[in-house]
Amino acid sequence: MLESRINALYDRNPESYSHQDLETFREFKKGLNNGTVRAAEPDKQAAPHGWRVNAWVKRGILVGFRMGRSVDMSDAGSRFRFIDKSTYPPRDLSVEESIRVVPGGSSLRDGCYLGRSVTCMPPMYINVGAYVDDGTMVDSHALVGSCAQIGKNCHLSAAAQVGGVLEPIGALPVIVEDNVLVGGNTGVYEGTIIKRSAVLGAGTVLTRSTPVYDIVHDVVHRAEGDNPLVIPEGAVVVPGSRPITSGTGKAMGLSLYAPVIVKYRDEKTESRVELESLLR
């Protein structure tokens, strides 16, 4: 079984790798590329957020970094130099995969999955272990970090940053479920889960230590213990602020950043989001 072989290779950490070790890693990376191997996947039994971490997949990615050696990946005669691990070259694509990568400086690292009709606008970057499902657009200057999971028909707008979580091994990666609109210049980090059909307004930043104020339902969403920050299905989140209520901060009239759920998706939101599909 591939999982047991990867775990054994991770634990053994040999000084040199055999042909069989290399074949195991090639099989593993092929699974990453075709989407049959994922760092996290939906699991209705994984309460309360519905996602299961596959820690062995992260081990396999780390094995690849150990196994690789630094090589020159520059085009012949180019003045631009690119040096990276031999195990993680740029990902190969074919027309048959129905993926659009518009010319202009984008990069896909080998070991990432892209579904059909994914569109990549230049320049953008998708790292090893990431999973980007069918019909999603990754816009200019957007990042999909290592092991991040992006659902179907999402739009990661210009300069959106979806952080990677490779270590610690058991940590939940950032997850963006289906039909989510991530606005421009946003940041989603530290294993945050964005449930389906949510909208993140431009400039929203979400981290494990960021409480999110839901003024529709009069609750505060936050990460607690082993549970990540979860943005509810259909929530519309925008950047906000809350005043400091004591001490010098109050005296100086200062406020702290506070993302706010101002509403849940309605017909007006749907019509605006629908316009995004015209770009795909």
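If you go through segment 164-181 and keep only what is crowded, with 22+ Cβ neighbours inside 10 Å and closer than 18 Å to ALA46 by Cα, you end up with LEU172, PRO173, VAL174, ILE175, VAL176, GLU177.
Please verify whether ILE83 is exposed (fewer than 13 other Cβ atoms within 10 Å of the Cβ) and in contact with a strand residue (DSSP E or B) (Cβ under 9 Å, 6 or more places away or on another chain), treating the condition exactly as stated. Step through it out loud before you land on a result.
Details: exposed (fewer than 13 other Cβ atoms within 10 Å of the Cβ): yes; in contact with a strand residue (DSSP E or B) (Cβ under 9 Å, 6 or more places away or on another chain): yes.
The answer is yes for ILE83.
Of all residues in segment 200-217, none satisfies being buried (at least 18 other Cβ atoms within 10 Å of the Cβ) and of a type in the set (Lys, Arg).
A quick yes/no check of all residues on (1) farther than 16 Å from VAL162 by Cα; (2) modelled with pLDDT of 95 or more; (3) under 15 Å from the mean Cα position of the chain (by Cα); (4) surrounded by fewer than 18 Cβ atoms within 10 Å (Cβ to Cβ):
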site	(1), (2), (3), (4)
SER98	yes, yes, no, yes
VAL101	yes, yes, no, no
LEU108	no, yes, yes, no
TYR113	no, yes, yes, no
VAL118	yes, yes, yes, no
PRO123	no, yes, no, yes
GLY129	no, yes, yes, no
ASP133	no, yes, yes, no
VAL138	no, yes, yes, no
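Hey, among the residues in segment 33-43 that are within 14 Å of the chain's Cα centre (by Cα) and within 11 Å of CYS112 (Cα to Cα), which one's surrounded by the most Cβ atoms within 10 Å (Cβ to Cβ)? Spell out how you get there, then give the answer.
To start, the set of residues in segment 33-43 that are within 14 Å of the chain's Cα centre (by Cα) comprises 38-41.
Pick out the ones that are also within 11 Å of CYS112 (Cα to Cα) and you get 38-39.
On the way: ARG38: 20, ALA39: 27.
Only one residue tops the list, namely ALA39.
Regarding segment 52-59, can at least one residue be identified that is in contact with a Leu (Cβ under 6 Å, 6 or more places away or on another chain), under 16 Å from SER146 (Cβ atoms), modelled with pLDDT under 95 and buried (at least 16 other Cβ atoms within 10 Å of the Cβ)? Yes; the residues of segment 52-59 include at least one that is in contact with a Leu (Cβ under 6 Å, 6 or more places away or on another chain), under 16 Å from SER146 (Cβ atoms), modelled with pLDDT under 95 and buried (at least 16 other Cβ atoms within 10 Å of the Cβ).
Where strands (runs of 3 or more DSSP E) fall wholly inside segment 152-244, the ranges with 2 or more residues that are outside the structural domain of ARG59 (by TED's automatic domain parsing) and among the aliphatic types (A, V, I, L, M) are 219-221, 235-238.
The values are calculated or read from the model by the stated rules, or taken from the named source; none is laboratory data. What you see is a predicted model, and the numbers here were worked out from it, not measured in a lab. Cβ: placed from backbone, ideal geometry, glycine included. Neighbour counts: every protein chain shown.
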